[in-house]
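Okay, handing you the structure first.
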Amino acid sequence: PVKIVTIGGGSSYTPELMEGFIKRYDELPIREIWLVDIEDGKEKMEIVGAMAQRMWDASPYDVKVHLTLDRREALKDADFVTTQFRVGLLNARIKDERIPFSYGMLGQETNGAGGIFKAFRTIPVILSIVEDMKELCPNAWLINFTNPSGMVTEAVMKYGKWEKVIGLCNVPVGAMMKEPETIGKTLDQLTYKFAGLNHFHWHKVYDEHGNEVTQDIIDAMYEGKDGGLPANIADVPFFKEQLDTMKMIPCGYHRYYYRQQEMLAHGLEEFNDPEKGTRGQQVKQTEAELFELYKDPNLDHKPEQLAKRGGAHYSDAACETIASIYSNANRHIVVTTKNNGAVPDLPADCAVEVSAYIGATGAKAIAFGELQPAEKGWLQCMKNMEHCVEAAAVTGDYGMALQAFILNPQIPAGTNAKRVLDELLIAHKKYLPQF
Ligand code: NAD
Ligand code: G6P
Ligand code: MN
């Protein structure tokens, strides 16, 4: 019987996770689930925790959901630890968005200055979780969903020296759910190959005869077919000529780079509209609605409204990964894991988000091969930017933080870059003991 611990248990995504476990119970016989949160999230955890227990009670399985603020109590003898926490909650995210926008820069949860600061707040916490795991559950797997998922996962490997970690994102899941029908196929007829970084990967697709169908999917998306773009990203189209030359499908987040001007304009328009506000401000509304629903003692299944959140279907990645490790299934899942040569344009020991086979020994990244110059250039810039962010997050070195800001393509270098950095350091002081 399996013990699961979920840190950040008060997240509105918890029912999503329960649904995924219930669906896979035969393959993954869970005995207990421990939701862990902190004082600030206690009320949320109690509401969503009761809802989680109702979901199990409505299922044929006997699983107890424990709620605690004592992380160490929960971690004892855990088999799988999943992380879905947000240091500073949505108010911190809103600052990550509003401060850069107020200087005319992108304010976004995982990209630009906001994403860098989310890493600064999160990395010290994940490393302290790893230290507890070394002591209390040294054989457990850490399944990280906390953003920026790629950098947080890499920090666990590199600075936490913890190898049993897999990073996840729902973006590849969304693509694989929606793209097959754009060309009249089903997922089981297709072979997917992803490579890149979290929120910065590309993919290619092949049919059951081994013929590449990437271009067919690109063409279908330009005919208006739904390619599974997450709910939080504005649908600014890519330049078709660029994709025709690239011969790969970019992820939704590439828009922030390939159509930077339009995406920034869109973000600034919402930021300046008092009716809308930033994505974080909008999500606050959705979250409040969701928690009202979760309070209903008759609700025992995941509500439709959760689909308004960008992370919808995340449980398909998380629960599938855990089940595949547990049953040594060696299934294809897109994960953040050690490169090991899968993307030869990046160092072998860095973290990449790639197609992998997931089994009892973890993730085996599938070789993707060398990229064309444009993608190679982006990737090397972004990966080294990530390295600077992680180093600054661990050491609190101001010069290194500035290096990350200046290297990040969403932050025009100069006086304002330094001003935004300084303002964010002050705004988040409480959560940045390392600086
Ligand atoms: P949320 O604001 O609901 O936060 C989740 C919980 O974390 C809260 O209840 C909060 O109290 C708790 N928390 C904060 N600090 C903590 C700590 N030190 N220890 C334990 N718990 C702590 O967040 P959300 O919107 O549900 O998102 C959760 C996380 O998942 C975020 O980091 C978000 O970026 C990430 N996310 C990732 C993806 C992905 O694709 N990887 C998709 C969506 C969301
Ligand atoms: C998905 C991503 C997450 C992202 C989230 C935002 O696009 O994969 O990593 O941060 O959704 O969703 P939200 O609803 O919080 O804006
Ligand atoms: Mn993601």
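Over the C-alpha atoms of segment 1-143, what are the Rg and the largest Cα-to-Cα span, Dmax, in Å?
Rg and Dmax of segment 1-143, Cα atoms, are 16.6, 54 Å.
Contact order normalised by length for the chain, with contacts defined as Cα pairs under 8 Å and 6 or more residues apart; what percent is it?
Value for the chain: 19 percent.
In µm²/s, what is D for segment 369-435 at 4 °C and 1.567 mPa s, where D = kT/(6 pi eta Rh) by Stokes-Einstein and Rh is the Kirkwood radius from Cα pairs?
In µm²/s, the coefficient rounds to 100.
Just how large is the dipole of segment 1-152 about the Cα centre, in debye to the nearest 20, putting +1 at every Lys and Arg Cβ and -1 at every Asp and Glu Cβ?
380 debye
Could you pull out the pairs from LYS118/LYS430; LYS158/LYS383; LYS158/LYS193 whose alpha carbons sit more than 18 Å apart here?
Check vs 18 Å cut-off fails for LYS158/LYS193.
What is the sum of charges around PRO237, taking Lys and Arg as +1, Asp and Glu as -1, for the other residues whose C-beta is under 11 Å from the C-beta of PRO237?
Net local charge, PRO237 excluded: +1.
If the elastic network links every pair of Cα atoms under 10 Å, which of GLU43, GLU154, GLU32 fluctuates the most in the Gaussian network model of the chain?
The residue with the greatest mean-square fluctuation here is GLU43.
In nm, to one decimal, how far is the LEU90 label point from the PHE435 one, both placed 7 Å along Cα→Cβ?
Inter-label distance under the simple model: 2.4 nm.
What length, rounded to one decimal in nm, is gained on full extension from ASP296 through to GLN282, with 0.36 nm per residue of separation minus their alpha-carbon distance?
Difference between extended and current length: 2.8 nm.
Subtracting the Cα-Cα distance from 0.36 nm times the residue separation, let me have the gained length for THR245 to GLU163 in nm, one decimal.
This chain segment gains 25.8 nm when fully extended.
May I ask for the distance between the Cα centers of segment 370-435 and segment 174-215, given as a whole number of Å?
Computed from Cα coordinates, the inter-centre distance equals 32 Å.
Kirkwood Rh, Cα Rg: Rg to Rh for segment 1-70?
That ratio equals 0.95.
Would you give the gap between the C-alpha center of segment 216-257 and the C-alpha center of segment 324-357, rounded to a whole Å?
24 Å
Given N residues in segment 107-220, what is its alpha carbon radius of gyration divided by 2.2 N^0.38 Å?
1.33
Would you mind calculating the relative contact order of segment 212-308 from Cα pairs under 8 angstrom and at least 6 residues apart, reporting the percent as a whole number?
So the answer I get is 22 percent.
How would ARG72, ARG86 line up from fewest to most surrounding beta-carbon atoms within 10 angstrom?
Taking fewest neighbouring Cβ atoms as first place, the list is ARG72, ARG86.
If the only charges are +1 at each Lys and Arg Cβ and -1 at each Asp and Glu Cβ, what is the size of the charge dipole of segment 228-325 around the Cα centre, to the nearest 20 debye?
Charge dipole of segment 228-325: 280 debye, to the nearest 20.
How many nm separate the modelled label positions at GLN189 and LYS76, each set 7 Å beyond the Cα in the direction of the Cβ?
With each label point 7 Å from Cα toward Cβ, the separation is 5.4 nm.
Sequence-distant or interchain residues sharing an amide H contact under 5 Å with VAL165, placed H: which?
LEU142
Now for a separate question. Can you pull a Stokes-Einstein diffusion coefficient for segment 298-435 at 25 °C (0.890 mPa s), Rh from Kirkwood over Cα pairs, as a whole number of µm²/s?
Value of D from the Cα-based Kirkwood radius: 136 µm²/s.
Can you give me the orientation-averaged projected area of the convex hull built on the Cα atoms of segment 261-369, in nm²?
Taking a quarter of the hull surface, the average projection is 10.7 nm².
Arrange ILE30, ILE426 by Cβ neighbour counts within 10 Å, fewest through most, would you?
Arranged by neighbour count, lowest to highest, ILE30, ILE426 become ILE426, ILE30.
Counting other C-beta atoms within 10 Å, which of HIS387, HIS254 has the fewest, and how do the rest follow?
HIS387, HIS254
Quick one: length gained pulling LYS23 to GLU46 fully straight, 0.36 nm per residue minus the C-alpha distance?
Gain in length upon complete extension: 6.0 nm.
Between THR6 and residues 5 or more places away or on another chain, which pairs have amide H atoms under 5 Å apart, with H built 1.01 Å from N, and which residues are they?
When sequence neighbours closer than 5 places are left aside, the close amide H contacts are TRP34, LEU35, VAL36, THR82.
Hey, another quick one. Need one word for segment 280-339: rounded, prolate or oblate. Basis is the Cα gyration tensor (sqrt eigenvalues a ≥ b ≥ c); a/c below 1.5 gives rounded, then a/b vs b/c decides.
Note, shape of segment 280-339 comes out oblate.
Taking the radius of gyration and the Kirkwood hydrodynamic radius from Cα positions alone, what is the Rg/Rh ratio for the chain, to two decimal places?
Rounded to two decimals, Rg/Rh equals 0.94.
Once the Cα gyration tensor of segment 77-157 is found, what semi-axes does its equivalent ellipsoid get, as square roots of 5 times the eigenvalues, in whole Å, sorted largest first?
With the √(5λ) rule applied to segment 77-157, the semi-axes are 29, 10, 9 Å.
Could you give me the ³J(HN,Hα) list for segment 419-435, computed from phi with Karplus coefficients 6.51, -1.76, 1.60 and θ = phi - 60°, whole Hz, x at Gly and Pro?
5, 5, 4, 5, 5, 5, 4, 6, 4, 9, 2, 4, 9, 10, x, 6, 8
Describe numerically, in nm with one decimal, the distance between label points set 7 Å from Cα along Cα→Cβ at GLU262 and at HIS209.
3.4 nm
FYI, it's all coordinate maths here, none of it is from the lab. Everything numeric in this text was worked out from a predicted model, so none of it was measured. Note: ideal-geometry Cβ built from the backbone for every residue, glycine included; neighbour counts use all protein chains shown.
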